[in-house]
1. Which members of segment 42-74 meet the condition of being of a type in the set (A, V, I, L, M, F, W, C) and in contact (Cβ under 8 Å) with a residue 12 or more places away in the chain?
2. Residues to consider are Val41, Val28, Val17; find the one that is β-branched (Val, Ile, Thr) and modelled with pLDDT under 95.
3. Does Gln5 fit the bill of being among the polar types (S, T, N, Q) and part of a loop (DSSP other than H, G, I, E, B)?
4. Checking the structure you have, find out if any residue of segment 49-57 is more than 13 Å from the chain's Cα centre (by Cα) and either modelled with pLDDT under 95 or among the polar types (S, T, N, Q) (or both).
5. Select from segment 35-52 the residues that are over 17 Å from Phe71 (Cα atoms) and surrounded by 12 or more Cβ atoms within 10 Å (Cβ to Cβ) and list them in ascending order.
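The values are calculated or read from the model by the stated rules, or taken from the named source; none is laboratory data. No experiment lies behind these values; they were computed from the predicted model shown. Backbone-built Cβ (ideal geometry, glycine too); neighbour counts: all protein chains shown.
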Amino acid sequence: MTLEQTAHLANTIRAEVAKAVVGMNETVDHLLIALVAQGHVLLEGPPGTAKTFLANCFATATGLEFGRIQFTPD
């Protein structure tokens with residue numbers, strides 16, 4: 001895959017996620033970096049800030065499977 005093809009794919013993923021999630025462009029960029037680097041991402045933030053929704057939209061846009069793990073303090 002060429003650099004131009006990779007950039008086009010990244011822009012397509014950004015556009016698909018932006019259809020559903022607004023104002024999280026930097027987070028989407030970090031998700032793309034983790035995808036390319038074959039890394040992991042921990043999304044942290046207060047309840048109701050669309051973390052799960054963003055992860056689900058990103059998985060759908062990339063054709064990946066969405067899995068959620070919730071940790072609760074006990």
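1. Result: Leu43, Ala50, Phe53, Leu54, Ala55, Cys57, Phe58, Ala61.
2. From the options Val41, Val28, Val17, the qualifying one is Val41.
3. Details: among the polar types (S, T, N, Q): yes; part of a loop (DSSP other than H, G, I, E, B): no.
Taking the combined requirement at face value, the residue does not satisfy it.
4. Of the residues in segment 49-57, the ones more than 13 Å from the chain's Cα centre (by Cα) are 49.
Then drop every residue that is not either modelled with pLDDT under 95 or among the polar types (S, T, N, Q) (or both), which leaves 49.
Within segment 49-57, one or more residues are more than 13 Å from the chain's Cα centre (by Cα) and either modelled with pLDDT under 95 or among the polar types (S, T, N, Q) (or both).
5. Just the residues of segment 35-52 that are over 17 Å from Phe71 (Cα atoms), to begin with: 35-39.
Within segment 35-52, just Leu35 meets the criteria.
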